[in-house]
Amino acid sequence: MITLEEAQQWTCDACGKPLVMREVEFYYLNGSFHVNLPACPECGLVFINEALATGKMAEVEGILEDK
Amino acid sequence: MKTSNPATGGGCPLTAPPLYETQALRQATGTVLRPGGLSLLNHALDKVRWQAGARILDVGCGTGASVAWLRRHHGLQATGIDPSRKLVEEARKAHPGLPVLRGRAESLPFGDVSLDGLLCECVLSLVPDASQALKEFYRVLRPGGLMILSDIYRRAEPASDAPPGQSCLSGAVGKTTLLQRLQDVGWRVRLWEDHSLLLAELAGRLIFQHGSLAAFWRQFLPDGAAREMMTAVKIMRPGYCLLIAEKVPCRDGEKLRLSDAISR
């Protein structure tokens, strides 16, 4: 999972604000998950890095898709 | 997904400390220690429509979350029983005055036909002698009384390649086997619902919290056993079910008391 220090290295391109860790709710195939992820404190855009997308999220998708 | 042993009171031999005592599981399930939390219980309560004041027993009550919920929000005369000293103490601390006892599912300290309803949530698969437990549940319930049972079950039968060790996963059986066990005792199943999505959601939370399911299991199992667990789980395709069963009256002519709310 991305740490606060890592999140603060990123800045929202639209708002110019450094990202902060925020609880985000994912929805996928009727399943929902609360996860702490970096997000823009201004517009709320969430940053999902490649490791998360191809790692945890892919594994969760596989389970929800009953694969 | 509890790993206490309702029959012996011992912890899961896979784990030290037992899985249910770890923050790893608590973070994903909260104090209810099972998929679905209280939402599945509320769904089942809508079906059984127990009247306020009804005498209800929660077998494998853990930290007492369901017992407290039944008493406070439904006016039920609920009691909990669990073999784990730690969980019973936690229940009493969290809910002062809550009636929770230590005891085994196969040997309930209650008289015959002394209860109106019974709960057994994510517990039966942990009981070494599930059939004996079902007989005990039947004995203590009044004729026409209803049991709410939720548990992990195998969506792929037969039961080969069981997960290593003793846990709710290794003790899970298929739908056919579970229904047969109930029928053998005399239970009449009034409702069967699949809620496997709740188990998938719990698995998803564990993945997000620990990086992967393999990483979660490696906290409790040697690396080889963790891999074996992952393989076995994939084969058994664990699901989660809710069922409501009725104690069919004895053959002495007592009349059935069926709830209109229960659908087949």
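The values are calculated or read from the model by the stated rules, or taken from the named source; none is laboratory data. Note that this is a predicted model, so its numbers are computed, not measured. Cβ sites come from the backbone with ideal geometry, for glycine too, and all protein chains shown count toward neighbours.
Computed quantities for the displayed model
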| read-out | value |
| --- | --- |
| Only listed residue being modelled with pLDDT of 95 or more, buried (at least 24 other Cβ atoms within 10 Å of the Cβ) and touching a Pro at 6+ places or on another chain (Cβ under 6 Å), chosen from B:Ala78, B:Ala105, B:Ala133 | B:Ala105 |
| Hits in the range B:211-224 (condition: touching a residue at least 24 places away in the same chain (Cβ under 8 Å) and either in contact with a Leu (Cβ under 8 Å, 6 or more places away or on another chain) or within 9 Å of chain A (Cβ to nearest Cβ) (or both)) | B:Phe216, B:Phe220, B:Leu221 |
| Helices (runs of 4 or more DSSP H) completely within the range B:177-239 that count 3 or more residues being touching a Phe, Trp or Tyr at 6+ places or on another chain (Cβ under 7 Å), surrounded by 19 or more Cβ atoms within 10 Å (Cβ to Cβ) and hydrophobic (A, V, I, L, M, F, W, C) | B:196-210 |
| Check on B:Arg155, modelled with pLDDT under 95 and surrounded by fewer than 21 Cβ atoms within 10 Å (Cβ to Cβ) | yes |
| Qualifying residues in the range B:38-75 (those that are of a type in the set (Ser, Thr, Tyr) and buried (at least 23 other Cβ atoms within 10 Å of the Cβ)) - the one modelled with the highest pLDDT | B:Ser66 |
| Filtered residues of the range A:33-64 (kept if loosely packed, with under 13 Cβ neighbours inside 10 Å and at the interface with chain B (Cβ under 9 Å from one of its Cβ atoms)) | A:His34 |
| Residue that is nearest to A:Leu52 (Cα to Cα) [pool: residues in the range A:1-28 that are more than 14 Å from chain B (Cβ to nearest Cβ) and among the hydrophobic types (A, V, I, L, M, F, W, C)] | A:Ala7 |
| Failed item in (1) assigned to a helix (DSSP H, G or I); (2) within 16 Å of the chain's Cα centre (by Cα), with B:Ile56 passing the rest | (1) |
